[in-house]
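J.: So that we are looking at the same thing, I have put the structure below in structure tokens.
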Amino acid sequence: MNSFINIEKKVYPDKPELVIEHMQSRLQSLADLHNQTYKNGDFEILNLKTNIENQDTALNNLLSENKDINFISNIEPDICLPISITTPIMLIINELTTNSIKHAFKNDENQEKIITKSAKLINNETCELIYTDNGKGIKKIENKEGHLGLNIIQSLTKQINGTLEINTPEKGSRFKIIFPIKEDTCDIQNNKFHN
């Protein structure tokens with residue numbers, strides 16, 4: 001969180017309210033994650049489907065003014081990850097969702113706004129996460145806020161030794177992240193972000 005604050009203070013020196021809003025969404029995602037941890041009594045392994053569905057509700061309530069985002073999740077129910085991997089994944093989804101709500105759907109009130117997430121195990125050691133929205137597409141997002149979010153997503157993906165693939169279909173944006181699910185194959189100590 002300290003790294004996030006330091007980055008955004010540099011990018012938005014005259015917009016403290018924006019920094020606070022962004023931090024609220026990240027803290028909400030982490031709070032939901034840790035609430036689920038304590039609720040289940042398992043402080044090491046977390047169910048990805050449960051956490052993503054909880055995050056959808058929280059982010060829609062926090063970030064979407066009209067609560068009009070249609071969240072669709074197709075997450076395999078048996079994907080359970082160490083908290084050291086789940087935490088960056090939830091922060092990645094937080095950044096992607098924030099970018100969609102703030103930029104992809106901006107000034108398009110008549111559009112049906114859809115965010116879809118799917119996740120599946122490729123094998124016993126690898127997971128694939130795909131995030132899509134039907135907004136205006138990432139190529140048209142050329143301001144600092146869009147680039148900052150992408151930088152954070154790339155840093156978080158690198159933290160879990162994942163690979164990030166960004167596609168711009170005819171409508172919207174698509175992000176595919178493939179990452180190892182074993183804690184000992186992830187660089188969990190690399191938790192600083194650079195801009």
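The values are calculated or read from the model by the stated rules, or taken from the named source; none is laboratory data. Note that the coordinates shown come from a computational prediction; the quantities given were computed from them, not determined experimentally. Cβ atoms come from the backbone with ideal geometry, glycine included; neighbour counts cover every protein chain shown.
J.: Could you tell me whether region 27-42 includes any residue that is buried (at least 19 other Cβ atoms within 10 Å of the Cβ), at pLDDT 65 or above, part of a helix (DSSP H, G or I) and polar (S, T, N, Q)?
T.: no
J.: Checking residue 59 against (1) touching a strand residue (DSSP E or B) at 6+ places or on another chain (Cβ under 8 Å); (2) modelled with pLDDT under 90, which test does it fail?
T.: The single condition residue 59 does not satisfy is (1).
J.: Listed residues 101, 138, 89; which is surrounded by 18 or more Cβ atoms within 10 Å (Cβ to Cβ), over 14 Å from the mean Cα position of the chain (by Cα) and either within 26 Å of residue 171 (Cβ to Cβ) or at pLDDT 90 or above (or both)?
T.: Values: 101 fails: over 14 Å from the mean Cα position of the chain (by Cα); 89 fails: over 14 Å from the mean Cα position of the chain (by Cα).
Step by step, each of 101, 138, 89 is checked, and only 138 is surrounded by 18 or more Cβ atoms within 10 Å (Cβ to Cβ), over 14 Å from the mean Cα position of the chain (by Cα) and either within 26 Å of residue 171 (Cβ to Cβ) or at pLDDT 90 or above (or both).
J.: Can you name the number of the only condition in (1) at pLDDT 90 or above; (2) crowded, with 21+ Cβ neighbours inside 10 Å that residue 126 fails?
T.: (2)
J.: Only one of (1) closer than 20 Å to residue 48 by Cβ; (2) at pLDDT below 70; (3) not in a loop (DSSP other than H, G, I, E, B) is not met by residue 188, so which one is it?
T.: (3)
J.: Looking only at residues that are part of a helix (DSSP H, G or I) and farther than 18 Å from residue 101 by Cα in region 146-184, which one is modelled with the lowest pLDDT? Before you say what the answer is, go through the steps one by one.
T.: Of the residues in region 146-184, the ones part of a helix (DSSP H, G or I) are 146-159, 183-184.
Filter again for farther than 18 Å from residue 101 by Cα, leaving 154-159, 183-184.
Details: 154: 90, 155: 88, 156: 90, 157: 95, 158: 93, 159: 91, 183: 57, 184: 49.
Only one residue tops the list, namely 184.
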